[in-house]
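I have placed the structure first, in the form of structure tokens, so that the comments after it can refer back to it.
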Amino acid sequence: MNPNGQSAVFGRRKEPHTVIIARGNEIRHFTIRPWLAAFIGSALAAIAIGYLLATSYLVLRDDLIGATTARQARMQQAYEDRISALRAQVDRITSRQLLDQQLMETKVSELLARQTQLSQRHGRLGPILERAESEVGDMPADTATKPDEHADATGSLSQAPTYSVASLGAGDTRPFSLWSTRSDPLDNETAADRADKLFVSINASLKAIESQQLSRIARLADNAYRSADAISQALEAAGLPVDTELDKNDVGGPLVPLDSSMIFDSKVKELDEALDALDQVKKDARKLPLTNPAPGRPVTSPFGVRTDPILGTAALHTGMDFRAPIGMRAKVTAAGVVTKAGWNGGYGRMVEVDHGNGFSTRYGHLSEIDVTVGQKLAAGDVIGKTGSSGRSTGPHLHYEVRHSGEAVDPLRFLAVGKKVAQFL
């Protein structure tokens, strides 16, 4: 080691650095060794580098924070724009749904009104259709409608599709709440299309029921008029009185269009008038002695001039004789009141019934009388039993028809009765 404290670097001696500080008379000096100078330089260099790094970090951090903030702002703006677009789309869909719902509610209200109207019509049609069926239900096949058309005639709402109009009531928004949960407009349009098809189907069903009601009413009215005409023509052809006003040809007036309710009311009124006319004609016909007093029994002597069975001379036979065994029940041929019931000369035991309008019938040669004078009878009531009492050659039923006291041919009434029996 060098005794002077000097060190050698690579074989050379390196002199230490001396720092002299003078202040007035005071002088100080410091000896700076190389390793201390290197340390101090390194520290200063490290501090400078650290400062530069810190300054760079602070500068770059501000830039990074600014960039991140800008990116977040852009993302937030994009999200807000997307949310605004979605809100606008939802608003459009909601507005369209509200308009569709209002339209649907209007349609539903109209369908409910029509359904209520048809239900009320069904209630009105029930009694009149029962009356029509009882009046014209037993018409012949060529004039009457088919029996299975009665269900169509009533226009029953059970014929409508299985869905119910009431389930789509104006106050019930459940069918439309299904749309509000859908974000896809195509789904909404599909649901609207399905709803439109549903309404069209219901409307068509109600129109079909209404058409069936009107068609059935018109057919029943036509059948009633035809039945009344047939009865009237049969009675008039036989010279029998009938009081009807069935001629609908002498009419006129301006043409005024009708709505559906007025058409229905007019059809119902027409059917009611036709049934009234038919009922009146039937009442008039039922007052006449048109039925056979001894159905299935042969006629042994008709009305008119014949050879008297006892004297053998020409004589007028005022009635018809039906071969009948003793004790067979004799029935009155029309409703009326008993005016005679007892022994009456050549008639033997006889019953006479007044049917009104100048018509009366007599039943002679009875073996037993089961009615009394003044008794009211319905058509088909038993008045007694056949026999051979009075001026008779054997058991039979003598039957007469008189008008205003004069005997008329019963065959004319029986022929008419066969023609109109299917209508009565």
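The values are calculated or read from the model by the stated rules, or taken from the named source; none is laboratory data. Keep in mind the model is a prediction, meaning the values are calculated, not measured. Here the Cβ is made from the backbone with ideal geometry for all residues, glycine too, and neighbour counts use every protein chain on show.
Structure summary
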| read-out | value |
| --- | --- |
| Residue that is loosely packed, with under 13 Cβ neighbours inside 10 Å, more than 15 Å from Glu400 (Cβ to Cβ) and either among the basic types (Lys, Arg) or out of contact with any Cys (no Cβ under 8 Å at 6 or more places or on another chain) (or both), where the choices are Ile310, Ile326 | Ile310 |
| Condition check for Gly296: small (Gly, Ala, Ser) and surrounded by fewer than 18 Cβ atoms within 10 Å (Cβ to Cβ) | yes |
| Pick from segment 341-381, criterion of a type in the set (A, V, I, L, M) and not in a strand (DSSP E or B), ranking: nearest to Arg297 (Cα to Cα) | Ala379 |
| Residue among Asn344, Asn357 that is touching a strand residue (DSSP E or B) at 6+ places or on another chain (Cβ under 9 Å) and under 19 Å from Leu414 (Cβ atoms) | Asn357 |
| Of the criteria (1) at pLDDT 90 or above; (2) under 60 Å from the mean Cα position of the chain (by Cα), which one Ile93 fails | (1) |
| Qualifying positions in segment 396-407 - farther than 18 Å from Gly417 by Cβ and crowded, with 18+ Cβ neighbours inside 10 Å | His396, His398 |
| Hits in segment 340-376 - residues which are under 20 Å from Met328 (Cα atoms) and of a type in the set (Asp, Glu) | Glu352, Glu368, Asp370 |
| Subset tally (residues that are in a loop (DSSP other than H, G, I, E, B) and at pLDDT below 90) for segment 310-340 | 5 |
| Matching residues in segment 346-389 - criterion: being touching a residue at least 60 places away in the same chain (Cβ under 8 Å) and surrounded by fewer than 20 Cβ atoms within 10 Å (Cβ to Cβ) | Gly356, Asn357, Ala379, Gly380, Ser388 |
